[in-house]
Every structure is written in C-alpha cells, then in structure tokens.
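See structure below.
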Amino acid sequence: MGDERKPLGRLGEDAACEALEGSGYRIVQRNYRCPLGELDLVARQGKTLVFVEVKSQSAGSGISGKDRVSKEKQRRLCKLAQFYIKEKGLHGISARFDVAEVRFREGALPEVEIIPNAFDADG
C-alpha cells in the first residue's frame with residue numbers, strides 16, 4: 001500500500017508545484033524534514049509564507065483534500081511550521097496553511113485545487 005501511495009504522492013507534489021507557481025506562489029522548499037516530521041511544500045505568496053499540505057487521490061474518492069487533514073495532522077503541521085520559522089529565523093513573518101488537493105483521473109491531466117487558509121494555527 002505504501003509503495004503505491006509514494007509515486008502518487010510525488011506526482012501530486014509535482015502537479016501542486018506547477019499549479020501553485022501558475023497562481024503566483026514561489027516554491028521555497030519541498031519535503032522539508034526535521035525531527036518533528038515533514039512539510040510537503042513551503043512557498044511564498046507575496047510576503048506571506050505558505051505551508052502547503054498536498055493531498056493526492058485517484059478518481060473515485062469522495063473525500064476532499066481539506067477534509068483529509070485531521071485535527072491531529074493540523075496540530076502537527078503547526079508545530080512543524082513553528083520549527084521551520086524558528087530554524088530559518090523568520091520570526092514575525094505572516095504565514096498560513098493551504099491545502100493542494102490533486103485528483104488523478106485515468107487518461108487526463110491531474111486536477112489541482114488550491115485551498116488557501118485551509119486551517120489556522122488555532123485549530
């Protein structure tokens with residue numbers, strides 16, 4: 001199961017990067033890893049630092065990407081973002097959490113929906 005999801009996840013991240021860049025985001029980092037875990041994408045949109053969680057799915061799943069980011073996952077992403085900001089010395093910067101939902105349908109290009117402010121640090 002994990003072997004199937006990893007290639008789909010990589011393709012999803014590639015599609016998300018392309019869609020984000022086409023919408024004016026600048027990708028700062030992919031797959032940021034630290035002792036607390038991993039952030040899929042870190043981007044900038046203007047002066048705002050954006051932490052992007054990528055949710056990829058094949059056709060047929062009726063659950064939205066935003067709904068697939070549990071409260072526990074949101075809390076973990078918030079801690080990761082705080083770690084990133086501290087490590088990079090970006091205190092006081094405006095930041096937010098977006099979700100990039102990538103849907104794959106057989107024989108078609110992936111569909112990407114960017115959900116700005118999908119959740120906030122307050123949970």
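Bear in mind these aren't lab numbers, they're just calculated from the coordinates by the rules spelled out. Computed from a prediction, not measured in an experiment: that's the story for all the values here. Glycine also receives a Cβ, built like all others from the backbone with ideal geometry; neighbour counts cover every protein chain displayed.
Screening the stretch 65-118 for residues that are within 14 Å of the chain's Cα centre (by Cα) and part of a loop (DSSP other than H, G, I, E, B) and picking the one that is farthest from Gly22 (Cα to Cα) gives Ser70. Here is the figure for the stretch 78-123: residues that are among the hydroxyl-bearing types (Ser, Thr, Tyr) and surrounded by fewer than 18 Cβ atoms within 10 Å (Cβ to Cβ) total 1. State yes or no: is Ile93 out of contact with any Lys or Arg (no Cβ under 8 Å at 6 or more places or on another chain) and of a type outside the set (Ser, Thr, Tyr)? So Ile93 fails the test. Can you run down the residue pairs with Cβ atoms below 8 Å, 6 or more apart or on separate chains, where the first is in the stretch 86-106 and without any contact (Cβ under 8 Å) to a residue 24 or more places away in the chain and the partner is surrounded by 12 or more Cβ atoms within 10 Å (Cβ to Cβ)? What qualifies is His91/Ile85.
Residues to consider are Ala108, Ala121, Ala95; find the one that is closer than 21 Å to Arg10 by Cα and of a type in the set (Gly, Ala, Ser).
Numbers: Ala121 fails: closer than 21 Å to Arg10 by Cα; Ala95 fails: closer than 21 Å to Arg10 by Cα.
On inspection, the qualifying residue turns out to be Ala108.
Of the residues that sit in the stretch 6-44 and are assigned to a helix (DSSP H, G or I) and among the basic types (Lys, Arg), which one is farthest from Glu113 (Cα to Cα)? Filtering the stretch 6-44 for residues that are assigned to a helix (DSSP H, G or I) and among the basic types (Lys, Arg), the one farthest from Glu113 (Cα to Cα) comes out as Lys6.
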